[in-house]
1. Could you list all residues from the range 57-75 that are exposed (fewer than 11 other Cβ atoms within 10 Å of the Cβ) and either more than 12 Å from the chain's Cα centre (by Cα) or not assigned by TED's automatic domain parsing to the domain that holds residue 144 (or both)?
2. It is to be established whether one or more residues within the range 89-103 are touching a helix residue (DSSP H, G or I) at 6+ places or on another chain (Cβ under 6 Å), in contact (Cβ under 8 Å) with a residue 40 or more places away in the chain, in a strand (DSSP E or B) and under 18 Å from residue 70 (Cα atoms).
3. Out of curiosity, is residue 114 under 30 Å from residue 38 (Cβ atoms), touching a helix residue (DSSP H, G or I) at 6+ places or on another chain (Cβ under 9 Å) and in a strand (DSSP E or B)?
């Protein structure tokens, strides 16, 4: 408490609050806040451990689209996505199809395409796919597009030993 009889209790509290706000502001100015960049997105997502989200089906390891989307949104809540209209190839009655998905993190976009194909090995294009076939391909493409930002990309890498990816903070973008 101040010994000054002209300063009231409220004024003392107000001064302490202003002093604390000033300290917080100065501390914030000193801290380097990293701006969203493709490099930051890559480093952050590439270093995520997604092994607890993995499922096995036959000889394939995969991550469900909802699990990967939840993880991405926990890290970058400004993310969004768009599916383009499916592209059909061939003559009516004998068509195959390709789907496309774009994942945006802020203004940064990664796009992937994927043929509508069978789920079992060997994966082959489906002739005259159903809406269910197209939807399944869209969700696979969705996960693949997230991997293009770095999240879960190790599932597609052709390494003999798959370990948790590690990217140094100084590494450059691979593409």
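The values are calculated or read from the model by the stated rules, or taken from the named source; none is laboratory data. A quick note: this is a predicted structure, and the numbers were derived from the prediction, not measured. Because the Cβ atoms are built from the backbone with ideal geometry, glycine has one as well, and the counts that use them run over all protein chains shown.
1. If the condition is that a residue be exposed (fewer than 11 other Cβ atoms within 10 Å of the Cβ) and either more than 12 Å from the chain's Cα centre (by Cα) or not assigned by TED's automatic domain parsing to the domain that holds residue 144 (or both), then 57, 58, 59 are the ones that fit.
2. Yes; the residues of the range 89-103 include at least one that is touching a helix residue (DSSP H, G or I) at 6+ places or on another chain (Cβ under 6 Å), in contact (Cβ under 8 Å) with a residue 40 or more places away in the chain, in a strand (DSSP E or B) and under 18 Å from residue 70 (Cα atoms).
3. Values: under 30 Å from residue 38 (Cβ atoms): yes; touching a helix residue (DSSP H, G or I) at 6+ places or on another chain (Cβ under 9 Å): yes; in a strand (DSSP E or B): yes.
The answer is yes for residue 114.
Okay, residues lined up against (1) part of a helix (DSSP H, G or I); (2) modelled with pLDDT of 95 or more; (3) closer than 20 Å to residue 145 by Cβ:
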| site | (1), (2), (3) |
| --- | --- |
| 35 | no, no, no |
| 39 | yes, no, yes |
| 52 | yes, no, no |
| 55 | no, no, yes |
| 62 | no, no, yes |
| 68 | yes, no, yes |
| 77 | no, no, yes |
